[in-house]
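The values are calculated or read from the model by the stated rules, or taken from the named source; none is laboratory data. Please read all numbers here as calculations on a predicted model, not as lab measurements. In this analysis, Cβ positions are derived from the backbone assuming ideal geometry, glycine residues included, and neighbour counts consider all displayed protein chains. These area figures cover heavy atoms from the full protein model, side chains too; ligands, DNA and RNA do not enter into them. Shrake-Rupley method; radii C 1.70, N 1.55, O 1.52, S 1.80 Å.
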Amino acid sequence: MGSLKTDEESNCKGGETQEPILYVNGVRRVLLDGLAHLTLLEYLRGIGLTGTKLGCGEGGCGACTVVVSSYDSRRKKAVHYAVNACLAPLYSVEGMHVITVEGIGSLRHGLHPIQETLANSHGSQCGYCTPGFVMSMYALLRSSPTSPSEEQIEECIAGNLCRCTGYRAIIDAFRVFAKTDDALYSNRSSHSYPGDQYVCPASGKPCSCGLREVNDHNTREENKTSATSYKPISYSEVDGSSYSEKELIFPPELFSKKITPLVLTGFGGIKWYRPTNLQNLLDLKSRYPDAKLVVGNTEIGIETRLKRVQYQVLISVGYVPDLNILAVHDDGIEIGASVRLTELLNFLKKVIEKRPFHETSSCKALIEQLKWFAGKQIRNVASVGGNVCTASPISDLNPLWMSAGAKFQTIDCKGGIQSKMAKDFFLGYRKVDLDPDRKEILLSIHLPWTRQFEFVKEFKQAHRREDDIAIVNAGMRVSLEENNGRWFVADASIVYGGVAPISLSASRTEAFLIGKGWDKDLLKGALRILEEDIVVKENAPGGMVEFRRSLMLSFFFKFHQWICQQMNEKESFSEMLDVSNFSAISSFNKLFCIGKQNYEIIKHGTAVGSPEVHLSSRLQVTGEAVYVDDIPLPPNSLHAALVLSKKPHACIISIDDSGAKSLPGFAGLFLAKDVPGSNDIGPVIHDEELFASKFVTCVGQVIGVVVADTHENAKLAAEKVHIEYEELPAVLSVRDAIRTNSFHPNTERHLKKGDVEQCFKSGVCDKIIEGEVCVGGQEHFYLEPNCSLVWTMDGGHEVHMISSTQAPQKHQKYVSHVLGLHMSKVVCKTKRIGGGFGGKETRSAFIAAAAAVPCYLLNRPVKITLDRDVDMKISGQRHSFLGKYKVGFTNEGKLLALDLEIYNNAGNSLDLSLAVLERAMFHSDNVYEIPNVKVSGRVCYTNIPSNTAFRGFGGPQGMLIVENWIQHVAVELKKSPEEIREINLQSEGSILHYGQQLQHCTLSRLWDELKSSCEFLKARKDVDLFNLHNRWKKRGLAIVPTKFGISFTSKFMNQAGALVHVYTDGTVLVTHGGVEMGQGLHTKIAQIAASSFSIPLTSVFISETSTDKVPNASPTAASASSDIYGAAVLDACEQIKARMKPIASGQKHTSFAELANACYMERIDLSAHGFYITPDIGFDWLSGKGSVFKYYTYGAAFAEVEIDTLTGDFHTRMADVILDLGYSLNPAIDVGQIEGAFIQGLGWVALEELKWGDEDHKWIPPGHLNTCGPGTYKIPSANDIPLRFNVSLLKGAPNVNAIHSSKAVGEPPFFLASSVFFAIKDAIVAARAELGHDEWFRLDNPATPERIRMACSDDFTKPFASSDYRPKLSI
């Protein structure tokens, strides 16, 4: 047992000895010695609390959020806060109470109000991220004496990511806990109007924007989104707020428990110390000079996990009083090095309330910068000193400490204290002025008060506003003095981060400023000097050199204008802020997201058409929903880790496993020679190897698999396998492939309609344009990483597995193939998966197959769970594309001819890339009537991991190319893109370029309804007026339509099977070939079965998907699953009903259960296998004609954005989306799918950028993926969703081609997010017009801040880039 040590090693003789303890969900647990290597997450999951998920392992997704409660003896109260359990060392929470999602509610004992409202509001889809959101909200409510504000609610979930829902439903669910309703915005009560009229948050007047409009053919009533409001039932200083009588109290033992020193150990000789006074700490530092000081572990945790850095001695300094000082002095404030960022933020807010306004300029700047510093969970534990001493070149705070004139107090092991200026403290990359010989540590920070007319301002630009590291940040200070009626600079400090290995002062610029008058001449001169003062070298780490340099100028310009605004009240200050420049410093007035969902309910039977909640939602909000990694391991289990290539193209010379064999827990390394069956694999053709035998063709290719007794030991052993290579030339991009003629064989495709060449030659085209479009890729970022558990049965002659996959049949097939077994002896089961989006259709299969080899050969269970970075590096992404177009059209804008070449980047194997290319070609018209079309496509072979399916499957890429040249046509004709779109819309009977005729086309109706609902003409005028009066902020808008074909493009895949059992108690068990991955498939299928039998939905159960129940199932993909599996289930139900009919007609039965029992007594078979094939489809590539799709899902979206032209930051002010989904099977689930797809699409077009080591990114090693985790790859957060997010379903448009007149929904809405992209481009057009640039310009996706800012060509970009400059993109 671990204990508190009082020996001389701990330097705390005479102290009390108590056993280390931890309370978890009210249960007291003794912490044993030897666990210093464990995180809190590993411990919790190890004791069976698997509701807390591992999503990324670096504190970037929030799936691991738990609440920690500790007693603050200074304030005499318990504090409750959210933390990332994946980063928190286990021993860091000793003496505290940890509450997990299981501790606040369960299905059996009742849900907490947070869980209840989230489930009922459709705020959980795949459910993997859900416990994290629940606990973030719980932490806020528990710690708030009163109901929180909506701003606090949004802030509390800033550190949580969701890939499924689009956040709106989550925000709506949590809004019911806010202390006000929407009167927060309108300054009046929402009940102050007669009747029950809803008050618009925007206008403060009655309207319907907050209503979910429901047109039920039976009830025809309107329901408000949030009918319930929750308020705390009690509050105490110890237990915080309670919203339930079952709330866990703060353990009484922890009130009186003294904080005593700890000395504990961990695996590999790790030592964990917890000193409780400064002298004890200094003694430890003297004994262990290389020891790492730990508070929140937010940096060290990432270093040890991602960089594999090993620290043998860790000293937890959170309980050293001298390091936790927060004090106000006459000359400034003192901040202890161990003070948490949240504590600092709260302290600074109190300071500015009490001190004179002019003294707190630095404090205000720190508050603003901390607002965007990481997520709430990180700020709750990360310390000020840790951020300083990490010395990151992109630290958000260090430039402010430097510019504000802060001093760092250091202390050595002998107690000697020194004061060092922050400006001189940073010596080099991650190197600070702490003398190792004197064993110095940082003690505290002294922040001086600002003087009268001294101003400090913060700046930061990141890829994403919330929870993101800076691209460039800055801290700027200037002190002004009046002399003879003019204001001169007495002192100045200009410090930048993100432009050098350290936070760097612009010393020449500072020297220039001093003594100068604060006017336009000063601005011009300073900008001129600043251009050369700090130079970011070409190919500097991080890239984006031109953008970073332009940000330096933009920030200074903003600072200059801000100072002018601050001085406006001084009559003697003549340099008044120019009205036209006010937008340079005005902050965006962000409101809480408001959404409207407008749909009709068309009921069919007992359940179909009803907006039911996801059947698993209540399990998901309580953490009881089980995913693969949650399953308890069988005895004698092993963990697997992959041995991966580190070269993009090379010959394997040798493999040395001696280093791995010497490690504890090692159980074996398995290579190509060990594969019992075939080593050749692939979903379409066998052009891959399970384990590379002679050559590697990408970084991340699997060379072998290591198994060991623990996950960590397996990873360590895999890293110790040494491989020697002989490097070969690599093809790293589409352009490389075209240049070297590197294409996958037999993958050239052509489609043709009319005569393109003749049209161009005939002179009928008034104008002909040509151009290129680069389309970026996208990472799936499902929250649940790939995971499989494989075991043998019956003496090792059968293999069973549970996998996180969209295609259990592919897992079955791959495993049987590599093991040399019949498929009938291999079973794959899938209960649910934590998101897939196409990424788990084919690329999950080789991972399971790799684990199956040691499982089979050793006859032991094997589990493989990929770390987030490994998953991203090896499993493939959305294909990047290059499109080359030539378009002919009339002066009126009528399209006449399109000649298009498209190329996609397949990577090092074919996978599904040909089918992705084909769908892109089928969608290369989007919704436009083009008489003459020629489309050619090729699949590029490159040395990156094989790209794969992703929501839309090539369709969005094809349509984005279309919409780019549509915009090019509009610019050429000086018309709006919407005009060009509208006059070229396809209509009923249109013949497409692959010979299919449109039927039941609702495009025009959707277009007209959307233009009306968004008041497009008024919106256009409002945007133009705004742009006229705002030089540095611009708004833009766009309407984009879509047409998405529904069916697998490979005919044989359009089949589905199902198995239905009716039991004598009247309940129904359904099994089908589809996988539940959050899209609500099981819920819809259950509704179909319930309506067929006329029974309640609660009487139908779907347990899992299994290859031994339904064989040969197609992957859950192509948006077709509800159609085909629903029809198969209905077929099975109808068979059973037909058998039951004679019994049912013979006598009356009071219930379905009675009827089922009667049939059983008559020996009626109550089980049936259903089957369905999609009729009337097929395509012949030789003729280029056929009916590829059974039908189309149509839609359109309006978006309005606002951009900051100086930084590239943007907000989506509004999105209005409408889709034709026929008669929806479940409109609430469909709305959730639309919102989730739209936000995922927004990420693709505006945020998410993959950066590979290629010709354009030489700072990245060749073939390596740089963006391989949430720290570098940014999916949308809750802050990125539209402020007004409206979704409507077209009414009165039944679909005759699918079950119950419904339509598919999963993929079609994704592309509609391109409306945001083209709205951004519209805003950029307005910005460029300010300097007379009205020509066509290219904007690649994603439209990141870099691309937006550099496209807004102005005086601050001109020194570094021309007006047609395009930032580099990996394609």
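Contact annotation: residue pairs with Cβ atoms under 7 Å, 6 or more positions apart or on different chains, pairing a residue in the range 1318-1331 that is under 13 Å from Leu1028 (Cα atoms) with a partner that is assigned to a helix (DSSP H, G or I), are Ala1326/Asn1027. Gly301 fulfils the conditions (1) open to solvent by 20 Å² or more (accessible area, probe 1.4 Å); (2) out of contact with any helix residue (DSSP H, G or I) (no Cβ under 8 Å at 6 or more places or on another chain); (3) under 24 Å from Gly375 (Cβ atoms) except for a single criterion, (1). Checked against (1) farther than 26 Å from Gln1240 by Cβ; (2) out of contact with any Leu (no Cβ under 8 Å at 6 or more places or on another chain), Leu882 passes all but condition (1).
Close Cβ contacts (under 7 Å, 6 or more residues apart or on different chains) running from residues in the range 85-113 that are closer than 19 Å to Leu32 by Cα and in a strand (DSSP E or B) to residues that are open to solvent by less than 10 Å² (accessible area, probe 1.4 Å) and aromatic (Phe, Trp, Tyr) comprise His97/Phe250.
From the list Glu918, Glu963, Glu982, Glu972, the lone residue that is open to solvent by 10 Å² or more (accessible area, probe 1.4 Å) and within 23 Å of Arg1005 (Cβ to Cβ) is Glu982.
With respect to (1) over 30 Å from Ser1353 (Cα atoms); (2) open to solvent by less than 20 Å² (accessible area, probe 1.4 Å); (3) not small (Gly, Ala, Ser), the lone exception for Phe1198 is condition (1).
The requirement of being aromatic (Phe, Trp, Tyr), assigned to a helix (DSSP H, G or I) and surrounded by fewer than 21 Cβ atoms within 10 Å (Cβ to Cβ) is fulfilled somewhere in the range 266-277, by at least one residue. Residues that are under 29 Å from Asp1254 (Cα atoms), assigned to a loop (DSSP other than H, G, I, E, B) and aliphatic (A, V, I, L, M): does the range 547-565 have at least one? Within the range 547-565 (the criterion being under 29 Å from Asp1254 (Cα atoms), assigned to a loop (DSSP other than H, G, I, E, B) and aliphatic (A, V, I, L, M)), the answer is no, since none of the residues qualifies. Answer yes if at least one residue in the range 709-720 is in a loop (DSSP other than H, G, I, E, B) and hydrophobic (A, V, I, L, M, F, W, C), and no otherwise. Taking every residue of the range 709-720 in turn, none turns out to be in a loop (DSSP other than H, G, I, E, B) and hydrophobic (A, V, I, L, M, F, W, C).
Evaluation of Met1214 against the conditions (1) touching a residue at least 24 places away in the same chain (Cβ under 8 Å); (2) farther than 30 Å from Gly1292 by Cβ; (3) surrounded by fewer than 24 Cβ atoms within 10 Å (Cβ to Cβ) shows that the sole unmet condition is (2). Scanning the range 1261-1285 for residues that are farther than 26 Å from Leu54 by Cα and open to solvent by 10 Å² or more (accessible area, probe 1.4 Å) gives Pro1261, Pro1262, Leu1283, Arg1284.
Tell me yes or no: at least one residue of the range 317-335 is small (Gly, Ala, Ser), exposed (fewer than 15 other Cβ atoms within 10 Å of the Cβ) and not in a strand (DSSP E or B). No. Within the range 34-74, being crowded, with 17+ Cβ neighbours inside 10 Å, assigned to a loop (DSSP other than H, G, I, E, B) and of a type in the set (D, E, K, R) holds for Lys53, Glu58. Here Ala1298 fulfils each of the conditions (1) open to solvent by 10 Å² or more (accessible area, probe 1.4 Å); (2) within 23 Å of the chain's Cα centre (by Cα) apart from (2).
Among the residues of the range 1021-1041, some residue qualifies, meaning at least one is of a type outside the set (Phe, Trp, Tyr), under 30 Å from Tyr1125 (Cβ atoms), in contact (Cβ under 8 Å) with a residue 12 or more places away in the chain and touching a helix residue (DSSP H, G or I) at 6+ places or on another chain (Cβ under 9 Å). Of the helices (runs of 4 or more DSSP H) entirely within the range 368-457, those holding at least 3 residues that are among the hydrophobic types (A, V, I, L, M, F, W, C) occupy 384-390, 398-403. For the range 587-611, residues that are at pLDDT below 95 and open to solvent by less than 30 Å² (accessible area, probe 1.4 Å) total 4. Taking the criterion of being open to solvent by 10 Å² or more (accessible area, probe 1.4 Å) and either polar (S, T, N, Q) or in contact (Cβ under 8 Å) with a residue 12 or more places away in the chain (or both), the residues of the range 1122-1138 that qualify are Ser1122, Asp1123, Ala1127, Leu1130, Asp1131, Glu1134, Gln1135, Lys1137.
Annotation: of all residues in the range 612-632 being over 14 Å from Ser106 (Cα atoms) and in contact with a His (Cβ under 8 Å, 6 or more places away or on another chain), the one that is surrounded by the most Cβ atoms within 10 Å (Cβ to Cβ) is His614. Looking only at the range 357-382, residues that are of a type in the set (D, E, K, R) and crowded, with 23+ Cβ neighbours inside 10 Å come to 2 in all.
So which residues in the range 344-396 are without any contact (Cβ under 8 Å) to a residue 40 or more places away in the chain and in contact with a Leu (Cβ under 7 Å, 6 or more places away or on another chain), if there are any at all? Of everything in the range 344-396, those that are without any contact (Cβ under 8 Å) to a residue 40 or more places away in the chain and in contact with a Leu (Cβ under 7 Å, 6 or more places away or on another chain) turn out to be Leu345, Phe347, Leu348, Ile367, Leu370, Phe373, Arg379.
Within the range 557-581, restricting attention to residues that are touching a strand residue (DSSP E or B) at 6+ places or on another chain (Cβ under 7 Å) and of a type in the set (Phe, Trp, Tyr), the residue that is surrounded by the fewest Cβ atoms within 10 Å (Cβ to Cβ) is Trp562. Looking only at the range 63-81, residues that are within 30 Å of Gln620 (Cβ to Cβ), in contact with a strand residue (DSSP E or B) (Cβ under 7 Å, 6 or more places away or on another chain) and of a type outside the set (Phe, Trp, Tyr) come to 10 in all.
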